[in-house]
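The values are calculated or read from the model by the stated rules, or taken from the named source; none is laboratory data. Just so it is clear, the model here is predicted, and its values are computed rather than measured. Virtual Cβ from ideal backbone geometry, glycine too; neighbours counted across all protein chains shown.
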């Protein structure tokens, strides 16, 4: 039975709600952070330890005495194919530290779109790294919860928004089941409360399917605090500009997948076991804070 959980990535917009829900559920939570001061401000009554995914001794020290580890990690635009990244290489260190310290379970947030393959092109190294991290966990021999998530609504308060403008690229042709981070956090908490020793893979999707354009229009119509606008750039232009800007190349790869990945609904069993998410885009927009 899991009673203590170490969280890696608790200070971000997706990790913070998970930490809050696990704390409210009664788990003994410890937060591993590269910025302990920030973590202590967000969670003043929670244990915080300094550590880094690329520092194996700090992981082993933090994991000692814990029952489980939850990971909310991601590749960033500053990472490179040949360099170290938090998902592929960080997962390797997490598994090694978990084996040494006797961790009973690892929870890991992954995604649907890591399976996207752009026609006629090599598989993007970012998605290869995410797939590699998931495969490492599946083959580790350590019990796991693997959460494959659709797109998060929180991207509408950070990420694609700059000031009062939503910046889109290309045409979004396939609907996504957007989910609010708070709903996802409730599902993570429910998973860790399950009385099971089995490995589990959960598909995390919200209650309605929308293209990116549809979702942004709904957000704009229901956001009450100020007037927002949507601007769409041609994907061809962004691809050309990305030849000269590394950060933009990362954005193009991500947006291409979001626009075209054929996401299908797969969350029925997750809803039955972990609870059905209730937040719709209009509700999220009405209560959003920038």
Legend entry - Selection from the range 173-203 of residues that are closer than 30 Å to residue 145 by Cβ, touching a helix residue (DSSP H, G or I) at 6+ places or on another chain (Cβ under 8 Å) and at pLDDT below 95: 174
Inset, instruction - Within the range 241-261, identify whether any single residue is assigned to a loop (DSSP other than H, G, I, E, B) and either under 18 Å from the mean Cα position of the chain (by Cα) or under 30 Å from residue 189 (Cα atoms) (or both), and answer yes or no. - result: yes
Inset, instruction - Keeping to the range 93-114, report how many residues are surrounded by fewer than 18 Cβ atoms within 10 Å (Cβ to Cβ), touching a residue at least 40 places away in the same chain (Cβ under 8 Å) and farther than 18 Å from residue 147 by Cβ. - result: 4
Legend entry - Selection within the range 164-213 - farther than 28 Å from residue 20 by Cα and without any contact (Cβ under 8 Å) to a residue 40 or more places away in the chain: 211
Inset, instruction - Could you tell me whether any residue of the range 281-290 is surrounded by 13 or more Cβ atoms within 10 Å (Cβ to Cβ), in contact (Cβ under 8 Å) with a residue 40 or more places away in the chain, under 18 Å from residue 127 (Cβ atoms) and in contact with a strand residue (DSSP E or B) (Cβ under 9 Å, 6 or more places away or on another chain)? - result: no
Inset, instruction - Quick one: which strands (runs of 3 or more DSSP E) lie wholly within the range 21-112 and hold at least 2 residues that are closer than 30 Å to residue 206 by Cβ? - result: 28-33, 68-71, 105-111
Inset, instruction - Hey, can you tell me all the residues within the range 115-126 that are surrounded by fewer than 21 Cβ atoms within 10 Å (Cβ to Cβ) and either part of a helix (DSSP H, G or I) or free of Cβ contacts under 8 Å to residues at least 12 places away in the same chain (or both)? - result: 115, 117, 119, 120, 121, 122, 123, 125
Inset, instruction - Please state which one of 89, 79 is surrounded by fewer than 21 Cβ atoms within 10 Å (Cβ to Cβ) and at pLDDT below 95. - result: 79
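Only one of 270, 232, 264 is surrounded by fewer than 18 Cβ atoms within 10 Å (Cβ to Cβ), on the phi < 0 side of the Ramachandran plot and under 19 Å from the mean Cα position of the chain (by Cα). Can you tell me which?
Details: 270 fails: surrounded by fewer than 18 Cβ atoms within 10 Å (Cβ to Cβ); 232 fails: under 19 Å from the mean Cα position of the chain (by Cα).
Every option except 264 fails the conditions.
Is one or more of the residues making up the range 204-214 closer than 27 Å to residue 140 by Cβ and either assigned to a helix (DSSP H, G or I) or modelled with pLDDT of 95 or more (or both)?
Here is the first cut: in the range 204-214, the residues closer than 27 Å to residue 140 by Cβ are 204-205.
Okay, now just the ones that are also either assigned to a helix (DSSP H, G or I) or modelled with pLDDT of 95 or more (or both), so 204-205.
Yes, that holds for at least one residue.
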Inset, instruction - Residue by residue through the range 8-40, note down the ones that are in contact with a strand residue (DSSP E or B) (Cβ under 7 Å, 6 or more places away or on another chain) and over 20 Å from residue 55 (Cα atoms). - result: 14, 15, 18, 19, 22, 23, 27, 28, 29, 40
